[in-house]
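Throughout, read-outs are computed from the coordinates displayed, never taken from laboratory work. If you're wondering where the values come from, they're calculated on a predicted model, not measured in any experiment. Glycine also receives a Cβ, built like all others from the backbone with ideal geometry; neighbour counts cover every protein chain displayed.
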Amino acid sequence: MESIYYIGLDVHKKSIAYCIKTVTGQIVCQGMVKAERRSLRKWLEDIPGSWVGAMEATMFTGWIYDFLKPYAVELKVAHPAMLKAITAAKKKNDRADAEKLADLLRVNLLPECTMMSEELRELRRILRYRNLIVRTASKMKNKISGLLMEVGAVYDKRKLHGKRYFGQLLERVEDVPESVKDLLKLISKRVELLRSISGVGEVMALTWVLEIGDPKRFSNSGQAISYCGLCSAQHESAGKEHRGPISKKRNKYLQSMLIEAANLAPYWNPQLGILYEKELTRGNRNRATLAVARKLVIYMLAVDRRGKPFMTEKESLVA
């Protein structure tokens, strides 16, 4: 039977520290390789046999993961926060980190996180850039408007702040790559179903689809709410529970979009409007907005998993 080698990869911008171990924990080889395709291709030729690998999730992980995956029996990505808690030690350097990754992989204790497909990550990257362009454009328009007013210049306010302006701006975004056009057709159906929820717009629905990926990876709505950063950090000791501020371990893109959507959704969705007013009676607008955002997550997760348009409780009983 062919031996399987376990490889830990500590990924950085310009270099990758690696450690290759046998199933018994013996080090076969360790060192550094440049974070570039040509160097990685040459490095792959020196691996003695079939291998499984692990790396920590960073902003550089994506392209390295895509490049190495076809050559590996299995390639996993570790959750940074959980990995830090497991491997906390005084001695910390790139070689040691690579060895720890190899050991965690070898004994099946790697805190793995979800790695979405290359096509889905490409679409998500485009949407994030688009949202950045929209936010930047809004700031610039307000700045330009203020400068024009200061000097008493005459300008067309409708062109500067109108919806048509935004539409023209969004059309300037680079074309979607050929590799993701088929995936767009599948995503459009999910977006359409999510928009059946009153208060969920196209951008909110598209952000949900591209950031969540497969909705079935969440076994319950609580996990999805936590992933979106809409719950507070929990600290329990000696039977006493304390809730802190909203956790910063979240998907910041989904969190910001959900908060924006939750500010407007109660005006369009009667159920969410009732929920908002109920929470508002407790005297905290932020708390009410968070409650609406959490309910939006519950609605969207249910629709996305069932693959059917949203129905209220009364509508479902009639059906």
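A few remarks follow.
- Loop-located trypsin sites (Lys or Arg not before Pro) in region 1-109, at most 14 other Cβ atoms within 10 Å (DSSP): Lys13, Lys14, Lys90, Lys91, Lys92
- Neighbours of Trp43, meaning other residues whose beta-carbon lies under 11 angstrom from its beta-carbon, give a summed charge of +2 when Lys and Arg score +1 and Asp and Glu score -1.
- When the pairs Lys69/Lys100; Lys76/Lys249; Lys92/Lys295; Lys13/Lys252; Lys216/Lys248; Lys69/Lys92 are compared against a 32 Å limit on Cα-Cα distance, Lys92/Lys295 fall above it.
- Coil-residue GluC sites (Glu not before Pro) of region 29-82, DSSP, other Cβ within 10 Å capped at 14: Glu36
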